[in-house]
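The values are calculated or read from the model by the stated rules, or taken from the named source; none is laboratory data. Note that this is a predicted model, so its numbers are computed, not measured. Please note: Cβ atoms are built from the backbone with ideal geometry, for glycine as well, and neighbour counts cover all protein chains shown. Each accessible area value is taken on the protein alone, full model and side chains, heavy atoms only, with ligands, DNA and RNA left out. Shrake-Rupley method; radii C 1.70, N 1.55, O 1.52, S 1.80 Å.
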Amino acid sequence: MTLRNRLILSVLALIALVGLIIGVVSSLALNGFLLARLDAQLKTATDRSLMSIDGPRPDSPSSGSTGSSGDPAFVGGPGQAAGTLGGFSLGGVVDRAAIVDSAGVLQQLTTEQLDTLSSLTATDQPQTVNLGGSLGDYRVAFDRSESGNGIVVGLPLADVTATVTQLVIVTVLVTIGGLVVAALLGTVLIRLALRPLDRVVATATRVTRLQLDRGDVALAERVPDADTDPRTEVGRVGASLNKLLGHVASALTSRQASENKVRQFVADASHELRTPLASIRGYAELTRRGDFDLPPDVTHSLGRIESEATRMTSLVEDLLLLARLDEGPSIEKAPVDLTRVLVDAVSDAHVAAGDHEWVLDLPEEPIEVSGDGPRLYQVVSNLLANARVHTPAGTEVTVALASGVDASGVPSAIITVSDDGPGIDPVLVETLFERFVRGDVSRFRQAGSTSTGLGLAIVRAVVDAHGGGVEVESRPGATAFRITLPKRAVGAAAR
Ligand SMILES: Nc1ncnc2c1ncn2[C@@H]1O[C@H](COP(=O)(O)OP(=O)(O)O)[C@@H](O)[C@H]1O
Ligand SMILES: [Mg+2]
């Protein structure tokens with residue numbers, strides 16, 4: 001649940017609770033007050049009745065009663081309000097009782113109502129009793145002697161009940177109204193109050209979208225000054241986030257600086273090594289081919305020096321290329337016909353390894369991408385070299401080119417290099433495209449002399465610099481590298 005909803009719900013719950021407490025307390029208080037007043041009126045009505053009976057207390061119904069039929073005529077006496085109940089109690093049993101209606105006429109109580117009255121506990125305090133029917137609740141009080149003879153007087157509770165009910169209804173309505181107003185106003189106010197937090201969140205979200213893991217990153221995102229006031233809660237969050245971003249930015253800058261230094265060193269070192277390597281190669285070759293009478297093991301050593309110098313040269317070239325690609329996508333953008341690239345690469349591979357089977361699967365029409373031709377050739381030839389040196393003789397290698405779309409739907413050229421060799425060691429697959437990751441060089445004799453672990457790193461670096469992607473799928477008998485390169489835009493092709 002969002003903080004916003006939780007706040008609103010808490011406020012509503014509090015208001016409902018306060019409304020409930022006010023309602024209960026005020027209804028109870030009002031009820032108590034009205035009952036006390038009614039009891040006082042009951043006392044007056046009892047006194048008035050006793051007066052009109054004329055005499056202290058009627059010990060027998062005949063002694064003080066008035067009215068020919070034995071009715072409790074005192075109920076209708078002067079000053080008695082409509083609805084007043086009056087009756088005689090004889091030995092604790094109420095045997096005659098009546099209620100005076102609004103026209104001043106006495107209405108006799110039914111037998112059940114008399115029974116209800118008789119069943120009341122013998123106390124002189126006023127009691128509440130439900131007489132049923134249209135009469136409802138009554139507040140009644142006895143005035144009788146030890147023997148249970150005397151009178152009972154009652155007053156209706158209807159007014160009290162109606163007033164208290166009214167109060168309850170009003171309280172409930174006011175509380176509901178308050179809840180609605182609080183929900184509406186509260187939503188607006190809380191939204192306003194949380195707006196600074198939204199801005200802080202927006203800043204954090206923008207930072208998460210930045211690519212911070214490599215390259216030269218300028219982390220300029222900061223929470224606006226208005227939301228960094230340390231006197232407010234949100235301000236403290238904003239200020240801490242800014243401080244954090246500052247630390248991250250300086251960490252990134254120093255990381256980048258040290259990366260640049262390493263890269264520069266590798267580039268410089270590789271560059272400087274090229275010339276002496278060329279000399280070693282040249283002198284070795286010169287000596288070997290020279291007109292000397294050299295013992296065979298010296299000739300062999302010179303050949304080894306030459307081939308190792310060649311290998312080291314290509315290693316140095318690879319390192320230099322990787323260092324340059326790391327500096328940024330400084331790739332050339334010229335139209336490259338991939339069909340040509342594949343035909344060249346496969347025919348070169350064919351010459352290098354005639355004991356492998358090479359299959360070329362090209363589409364009808366040429367496919368062009370925009371990029372650096374020699375680098376793309378190097379990508380394909382690295383894959384072909386792998387398919388050659390990391391598989392036994394007789395392996396069939398298929399190189400296919402097709403049009404398609406990449407994962408995000410961009411029209412792309414898709415190059416697939418697949419072989420039916422033994423597959424890539426599963427422990428390598430995760431890190432395959434990282435630098436110096438290579439398999440067991442003793443697997444195939446050929447691989448030992450050329451393996452550096454840089455081939456696939458270069459493949460990925462070049463393909464990335466072209467805005468493409470590379471993926472691999474491998475199991476024994478089926479290894480496939482798939483490269484997607486965005487196709488040249490149609491407009492660019494027409495120019
Ligand atoms: N087609 C393939 N079949 C089997 N193993 C392969 C294949 N391609 C690459 N590999 C494995 O991946 C490793 C890394 O390849 P790569 O980066 O080109 O380095 P290198 O070829 O110099 O060893 C290789 O050492 C090899 O073990
Ligand atoms: Mg390789």
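Straight-line reach from LYS333: which lysines have Cα under 16 Å away, leaving out those fewer than 8 places along the same chain?
Cα-Cα hits under 16 Å: LYS487.
Rounded, prolate or oblate for region 286-370? Axes are the square roots of the Cα gyration tensor eigenvalues, ordered a ≥ b ≥ c, and the cut-off for rounded is a/c under 1.5.
Verdict is oblate for region 286-370.
At R0 = 56 Å, how high is the FRET efficiency between THR208 and SER314 if r is their beta carbon distance? Nearest 0.05 is fine. Spell out each step's value before the answer.
On the way: r = 41 Å, r/R0 = 0.73.
Once the sixth-power term is evaluated, E becomes 0.85.
Can you pull the percent of region 83-221's accessible area that's carbon plus sulfur, 1.4 Å probe, other chains left in place? Could the numbers behind the result be given before it?
Details: 4590 of 7520 Å².
C and S atoms contribute 61 percent here.
Pairs of Cα atoms under 8 Å, at least six residues apart: use those to get the relative contact order of the chain, whole percent.
On the way: 695 pairs, mean separation 44.2, N = 495.
Rounded, it is 9 percent for the chain.
Mind ranking 418-424, 133-139 by how tightly packed they are, going by the mean number of other C-beta atoms within 10 angstrom, highest first? Mind dumping the intermediate values first?
Details: 418-424: 20.3, 133-139: 15.3.
Packing proxy ranking, top to bottom: 418-424, 133-139.
Take each of the peptides 151-160, 75-84, 185-194, 1-10, average the number of other beta-carbon atoms within 10 Å over its residues, and list them starting from the highest. Please list the in-between numbers first.
Working: 151-160: 21.5, 75-84: 16.8, 185-194: 13.5, 1-10: 12.0.
Ranked by mean Cβ neighbours within 10 Å, highest first: 151-160, 75-84, 185-194, 1-10.
What are the residues whose amide H is under 5 Å from the amide H of VAL94, where those residues sit 5 or more places off or on another chain and H is modelled from the backbone?
Long-range HN contacts for VAL94: SER118.
Roughly how far apart, in whole Å, are the Cα centres of region 263-334 and region 138-178?
After rounding, the separation between the Cα centres reads 112 Å.
Using Cα pairs closer than 8 Å and at least 6 residues apart in sequence, work out the relative contact order for region 211-328, in percent. It would help to have the intermediate numbers written out before the result.
Working: 82 pairs, mean separation 30.0, N = 118.
The normalised contact order for region 211-328 reaches 25 percent.
Report, in debye and to the nearest 20, how large the dipole of the chain comes out about its Cα centre when Lys and Arg carry +1 and Asp and Glu carry -1 on their Cβ. Mind dumping the intermediate values first?
Values: 43 positive and 57 negative charges, 266 e Å.
The dipole magnitude comes to about 1280 debye.
Explain nothing, just compute: Karplus ³J(HN,Hα) = 6.51 cos²θ - 1.76 cosθ + 1.60, θ = phi - 60°, for every residue of region 391-397 in order, whole Hz, x for Gly and Pro.
9, x, 4, x, 5, 9, 10
Using only DSSP helix segments of four residues or longer, with each worth -39500 (n - 2.57), what per-residue ellipticity at 222 nm results for the chain after dividing by its residue count and rounding to 500?
Working: 12 runs with 262 residues, N = 495.
Value at 222 nm, helices only: -18500 deg cm²/dmol.
Decide, for region 318-360, between rounded, prolate and oblate: order the square roots of the alpha carbon gyration tensor eigenvalues as a ≥ b ≥ c, take rounded if a/c falls under 1.5, and otherwise choose prolate if a/b is larger than b/c, else oblate. Present the calculation step by step, with values, prior to reporting the outcome.
Numbers: a/c = 4.56, a/b = 1.79, b/c = 2.54.
It comes out oblate by the Cα gyration axes.
Rank these by accessible area, largest first, 1.4 Å probe: ASP425, ASP297, ASP372.
Result, largest first: ASP297, ASP425, ASP372.
Using alpha-carbon pairs under 8 Å, 6+ residues apart, how would you state the relative contact order of region 3-164 in percent?
Working: 243 pairs, mean separation 34.0, N = 162.
Over region 3-164, the number comes to 21 percent.
What value in Å³ per residue do you get for the convex hull of the alpha-carbon atoms in the chain?
Details: hull volume 167.9 nm³, N = 495.
It comes to 339 Å³ per residue, whole-number rounded.
Over region 334-494, what portion of Cα pair distances is larger than 22 Å, expressed as a whole percent?
Working: 4936 of 12880 pairs.
Distances greater than 22 Å cover 38 percent of the Cα pairs.
Run the accessible area of region 286-346 with a 1.4 Å probe and give the carbon-and-sulfur part as a rounded percent. Numbers along the way, then the final one.
Details: 2100 of 3760 Å².
Taking all protein chains in place, region 286-346 shows 56 percent carbon and sulfur surface.
What does the extension gain come out to for PHE436 and ASP297, with contour length at 0.36 nm per residue minus their alpha carbon separation? Each step should come with its number before you reach the end.
Values: separation 139, 0.36 × 139 = 50.04 nm, distance 3.23 nm.
Value of the extension gain: 46.8 nm.
Any chance you could list the semi-axes, whole Å, largest first, of the equivalent ellipsoid that the Cα gyration tensor gives for region 158-210, using √(5λ)? It would help to have the intermediate numbers written out before the result.
Working: eigenvalues 478, 10, 5 Å².
One finds semi-axes of 49, 7, 5 Å for region 158-210.
Rounded to the nearest 5, what % of DSSP beta bridges with both residues in region 345-440 are antiparallel? Numbers along the way, then the final one.
Values: 9 of 14 bridges.
Around 65 percent antiparallel, to the nearest 5.
Considering all alpha-carbon pairs of region 3-164, what whole percent are spaced by more than 27 angstrom? Don't jump to the answer; show the numbers that get you there.
Details: 4231 of 13041 pairs.
More than 27 Å apart: 32 percent of the Cα pairs in region 3-164.
Can you give the extra length, in nm with one decimal, that the chain gains between ARG274 and GLN166 once fully stretched, where that is 0.36 nm per residue apart less the Cα-Cα distance? Walk me through the numbers on the way to the answer.
Details: separation 108, 0.36 × 108 = 38.88 nm, distance 10.17 nm.
Full extension of this stretch gives 28.7 nm more.
Sorting check: for 287-295, 90-98, which peptide has the highest mean count of neighbouring beta carbons within 10 Å, and how do the rest follow?
Working: 287-295: 9.8, 90-98: 18.4.
Sorting 287-295, 90-98 by mean packing, highest first, produces 90-98, 287-295.
Is region 231-376 best put as rounded, prolate or oblate by its Cα gyration tensor, with a ≥ b ≥ c the root eigenvalues, rounded for a/c under 1.5, and otherwise prolate when a/b is larger than b/c, oblate when not?
Values: a/c = 3.88, a/b = 1.65, b/c = 2.36.
Because a/c hits 1.5 or more and a/b fails to exceed b/c, region 231-376 counts as oblate.
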